[in-house]
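The values are calculated or read from the model by the stated rules, or taken from the named source; none is laboratory data. Only a predicted model underlies this, so the values are computations on that prediction, with no experimental measurement involved. Neighbour counts run over all protein chains shown; Cβ positions are idealised from the backbone, glycine included. Just the protein is used for accessible areas: all its heavy atoms, side chains included, with ligands, DNA and RNA removed. Shrake-Rupley method; radii C 1.70, N 1.55, O 1.52, S 1.80 Å.
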Amino acid sequence: MTQSTAPRPVGVDELRRAWHAVQDGQFRTREPLPVRPPRPRAQTTTGEWTTSEPVLPVIGCAGQSGTTTVALALATVSGSARVVECCTATASGLAAAATAELGRGQNAWAIGRRDRVWMARTSQVLLGPDETPLPDSSLAEVDLTVLDIGWEIGQVMASGGWIRDQLESASSLVLVTTPTVPAMRRLEMALTLLDPQKIAVAVRGTHPRCWPKALLAALGSRSAAAVKNGPVVAIPSDKGLLLRGLDSSPLPASLLKAAGNLLGHTAPGIHHQKGPQT
C-alpha cells in the first residue's frame, strides 16, 4: 500500500512573515523565457507568369495520391518538358528525382534534370500558394510545362496569384486521386471549384469498372459524371515507387504507358512524343 505524507501545518506566524515578504518584494520569480524572433515570412508573389509552351496543371485530390509521380511521368512521355513543383520545400517529392543537380536559378528555384526533362522545386519554406515564386524563365525552351500543384485546391482558389491564374486559363487539367471514399469526396470538391469540361482524372490503382459497389454508391454527382463520361485513366501502382519514392531510377514502363494514355486525353498542343524515355 502506498503511504501518503500529510502536509505540514503552516503556522500563523509563518504565514504572516510570508505575507510581509511579498509586500516588500522579497521573493523569487522565474526567469522569463527568451522570446524567439518570428520567422521572416516569404513575400507574397506578385505579377503574372506567361510562357509560350502549353501548361498542364496536375492537382492532387488527396494525400499520397501520387501527384508528383504522375506529373513527372507526363513530362517524360511528352518529350522536351519541365516540371515545376508548386509546394513548400519541406513537402517536395522531387528532391531525389534528378540525375543531375544544376544549382539554383531565378527566384530561389532549385533546378535539376533527368534526360530531356527539367525540374524546378522551391528551396524556400512557404506558408501558402501566394508565396510560391514565379517559375524560372532562364531554362531552355521546352514543349510542355507541367505544374505539380501540391497545395490543397481550395487554398489555391482562395489565395489567388499566378497558380490560380494558370488553373483558370489552362486548356486542360489533370486531377489525381485514389479509389477510396475520402479521396472521392475530395475529387467531388475539386470538381465544384474547377471547370469539369477541361479535366482528365487519373486514379492510382484500379479502373472504375473494377471498383466495389460501395465506392461507386459514395460518389457525388460531379464525380459520378466524371467516372461515367471520362476520361478516367488508371495509374498502376509500383511497389518500388511506393517504397522509395521518386529517385533517379527510370520510371516503370507501365507508368509511362498510362501517362501517355492520359496525355492523349488532354487538349490539342499537348501530345505524346514517341522516342526513348527514362
Quiz item: Any idea how many residues of the stretch 55-75 are in a helix (DSSP H, G or I) and farther than 13 Å from residue 246 by Cα?
Solution: 2
Exercise. Give 129, 54 a once-over and let me know the one that is of a type outside the set (D, E, K, R) and open to solvent by 40 Å² or more (accessible area, probe 1.4 Å).
Key: 54
Exercise. Could you look through the stretch 157-186, keep only residues that are touching a residue at least 60 places away in the same chain (Cβ under 8 Å) and in contact with a Lys or Arg (Cβ under 8 Å, 6 or more places away or on another chain), and pick out the one that is surrounded by the fewest Cβ atoms within 10 Å (Cβ to Cβ)?
Key: 171
Quiz item: Which condition breaks for residue 87 when tested against (1) surrounded by fewer than 20 Cβ atoms within 10 Å (Cβ to Cβ); (2) under 15 Å from residue 133 (Cα atoms)?
Solution: (1)
Quiz item: Could you give every pair whose Cβ atoms fall below 6 Å, whose first residue belongs to the stretch 51-76 and is closer than 23 Å to residue 253 by Cα, and whose second residue is modelled with pLDDT under 90 and of a type in the set (Val, Ile, Thr), counting only separations of at least 6 or pairs across chains?
Solution: 56/270
Practice problem: Just name the residue that is surrounded by the fewest Cβ atoms within 10 Å (Cβ to Cβ) out of those in the stretch 141-152 that are assigned to a loop (DSSP other than H, G, I, E, B) and in contact (Cβ under 8 Å) with a residue 40 or more places away in the chain. | Solution: 141
Quiz item: When the residues of the stretch 212-230 are filtered to those that are crowded, with 18+ Cβ neighbours inside 10 Å and out of contact with any strand residue (DSSP E or B) (no Cβ under 6 Å at 6 or more places or on another chain), which remaining residue is farthest from residue 56 (Cα to Cα)?
Solution: 219
Practice problem: Hey, can you tell me all the residues within the stretch 65-90 that are out of contact with any helix residue (DSSP H, G or I) (no Cβ under 9 Å at 6 or more places or on another chain) and more than 18 Å from residue 112 (Cα to Cα)? | Solution: 67
Practice problem: Name every residue in the stretch 196-211 that is at pLDDT below 95 and either closer than 10 Å to residue 235 by Cα or open to solvent by 70 Å² or more (accessible area, probe 1.4 Å) (or both), in order of residue number. | Solution: 197, 204, 205, 206, 207, 209, 210
Quiz item: Quick one: residue 85 ticks every box in (1) in a loop (DSSP other than H, G, I, E, B); (2) in contact (Cβ under 8 Å) with a residue 24 or more places away in the chain bar one, so which box is it?
Solution: (1)
Quiz prompt | the stretch 177-202 - residue that is of a type in the set (D, E, K, R) and in contact with a Ser or Thr (Cβ under 9 Å, 6 or more places away or on another chain) and, of those, farthest from residue 65 (Cα to Cα) | solution = 198
Exercise. Six or more apart or on different chains, Cβ under 6 Å: which pairs go from a residue in the stretch 214-242 that's closer than 21 Å to residue 74 by Cα and of a type in the set (A, V, I, L, M, F, W, C) to one that's part of a strand (DSSP E or B) and open to solvent by 20 Å² or more (accessible area, probe 1.4 Å)? Could you list them?
Key: 235/204
Quiz prompt | Scan of the stretch 97-119 for residues that are over 22 Å from residue 250 (Cβ atoms), part of a strand (DSSP E or B) and open to solvent by 20 Å² or more (accessible area, probe 1.4 Å), ordered by number | solution = 103, 104
Practice problem: Give me a count of the residues in the stretch 153-176 that are assigned to a loop (DSSP other than H, G, I, E, B) and either in contact with a Ser or Thr (Cβ under 7 Å, 6 or more places away or on another chain) or over 19 Å from residue 71 (Cα atoms) (or both). | Solution: 3
Quiz item: When you go through 201, 176, 142 one by one, which is the residue that is within 14 Å of residue 56 (Cα to Cα) and touching a Gly at 6+ places or on another chain (Cβ under 7 Å)?
Solution: 176
Exercise. Please state which of the following conditions residue 189 fails to meet, knowing it meets all the rest: (1) farther than 16 Å from residue 266 by Cα; (2) open to solvent by less than 70 Å² (accessible area, probe 1.4 Å); (3) in contact with a helix residue (DSSP H, G or I) (Cβ under 8 Å, 6 or more places away or on another chain).
Key: (2)
